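One structure below.
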Amino acid sequence: MITPPKDPLNILPYNLRMSVKYDEVNEYWEKQNIPYVTRVEAEKAVRKLMVKFGKPRFAPPSIKYNMTRYRSVKNVWYKTYVCLSGNPKSPNKGWRDIVHLISHKVYRYRHGFARNNQNGFKPHSIQQAELELEMVKYVVNQGWLNGVLKPKVVILSKDEKRNKKLEHYQKLISKWQTKLKLANTFIRKYNKKVKYLNKQ
């Protein structure tokens, strides 16, 4: 029986092997044409990444729900997610920062929201680097860097703009007519009460 050759990386110290994995993440990013990212794109990306990678089947039995259900990560937001100027390839802002920070939150979720050094948990590891690389590839393959998450801009004609305004005003009229009917109902009700009390 022929023994398959061993992975040469396995003979290296753990920290060096981990460094190699993180280098793979950075090298993959460097090959991409990374654009600026708007707040709308960032908000969608953060949620979609949590939904995709933060499922209970990846986590310990103590975790019952998708990570977006937990308060500690539900409203996560960082100013560095939005990148509209400077170098969009910077690892500390924009797309790279979104994936990096969310990958760490997903990794912690998959370990039962463990704290640093709790039961041997470390925020940086080979497994975390592999998860981050998987998430980077997902972002690229989904076309997010090509503007897929941008809101669709609809250019309306002059007539379409006019009709849209008319529709909006008609809805407002209907809304206030309903409120007027309700107000008149209460006015009649309280007038009756006033008349009744005045007779006593």
Of everything in the range 101-132, what is farther than 16 Å from Thr68 by Cα, part of a helix (DSSP H, G or I), without any contact (Cβ under 8 Å) to a residue 60 or more places away in the chain and within 21 Å of the chain's Cα centre (by Cα)? Give them in sequence order.
Gln128
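Identify the residue in the range 61-91 that is aromatic (Phe, Trp, Tyr) and in contact (Cβ under 8 Å) with a residue 40 or more places away in the chain and, among all such residues, is nearest to Glu30 (Cα to Cα). Lay out the reasoning, then the answer.
Step one: of the range 61-91, the residues aromatic (Phe, Trp, Tyr) are 65, 70, 77-78, 81.
In the following step, the residues that additionally are in contact (Cβ under 8 Å) with a residue 40 or more places away in the chain were identified as 70, 81.
Numbers: Tyr70: 33, Tyr81: 18 Å.
Only one residue fits best here, namely Tyr81.
Is it fair to say Val82 is closer than 18 Å to Glu132 by Cα and either in contact with a Lys or Arg (Cβ under 9 Å, 6 or more places away or on another chain) or surrounded by fewer than 14 Cβ atoms within 10 Å (Cβ to Cβ) (or both)?
Numbers: closer than 18 Å to Glu132 by Cα: no; either in contact with a Lys or Arg (Cβ under 9 Å, 6 or more places away or on another chain) or surrounded by fewer than 14 Cβ atoms within 10 Å (Cβ to Cβ) (or both): yes.
Spelling it out, it is not the case that Val82 is closer than 18 Å to Glu132 by Cα and either in contact with a Lys or Arg (Cβ under 9 Å, 6 or more places away or on another chain) or surrounded by fewer than 14 Cβ atoms within 10 Å (Cβ to Cβ) (or both).
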Go over the candidates Asn146, Asn191 one by one and state the one that is among the polar types (S, T, N, Q) and closer than 30 Å to Lys105 by Cβ.
Asn146
In this structure, does Ser85 turn out to be more than 22 Å from Tyr138 (Cα to Cα), of a type outside the set (Lys, Arg) and part of a loop (DSSP other than H, G, I, E, B)?
yes
Hits in the range 151-200 (condition: farther than 30 Å from Ala45 by Cα, under 38 Å from the mean Cα position of the chain (by Cα) and among the aliphatic types (A, V, I, L, M))
Leu166, Leu172, Ile173
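For every residue, the table says whether it meets (1) acidic (Asp, Glu); (2) surrounded by 19 or more Cβ atoms within 10 Å (Cβ to Cβ); (3) touching a Phe, Trp or Tyr at 6+ places or on another chain (Cβ under 7 Å).
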residue: Thr68; (1), (2), (3): no, no, no
residue: Pro91; (1), (2), (3): no, no, no
residue: Tyr107; (1), (2), (3): no, yes, no
residue: Leu131; (1), (2), (3): no, yes, yes
Every residue from the range 40-66 that is part of a loop (DSSP other than H, G, I, E, B), surrounded by 17 or more Cβ atoms within 10 Å (Cβ to Cβ) and of a type in the set (Gly, Ala, Ser):
Gly54, Ala59
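Specify the residue that is surrounded by the most Cβ atoms within 10 Å (Cβ to Cβ); the eligible residues are those in the range 119-129 that are within 15 Å of Ala59 (Cβ to Cβ) and polar (S, T, N, Q).
In the first step, residues of the range 119-129 are kept if they are within 15 Å of Ala59 (Cβ to Cβ); the result is 119, 121, 127-128.
Checking the rest, the ones that are also polar (S, T, N, Q) come to 119, 127-128.
On the way: Asn119: 8, Gln127: 14, Gln128: 22.
Filtering first and then ranking leaves Gln128.
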For the range 146-157, indicate whether the set of residues that are touching a residue at least 40 places away in the same chain (Cβ under 8 Å) and either aliphatic (A, V, I, L, M) or touching a Leu at 6+ places or on another chain (Cβ under 6 Å) (or both) is non-empty.
yes
Residues that are more than 20 Å from the chain's Cα centre (by Cα) and in contact (Cβ under 8 Å) with a residue 40 or more places away in the chain, drawn from the range 26-60:
Asn26, Tyr28, Glu30, Gln32, Asn33, Pro60
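Any read-out appearing in this document is the output of simple, stated calculations on the displayed coordinates, not a laboratory observation. Keep in mind that what you see is a predicted model, and the values were worked out from it rather than measured. Backbone-built Cβ (ideal geometry, glycine too); neighbour counts: all protein chains shown.
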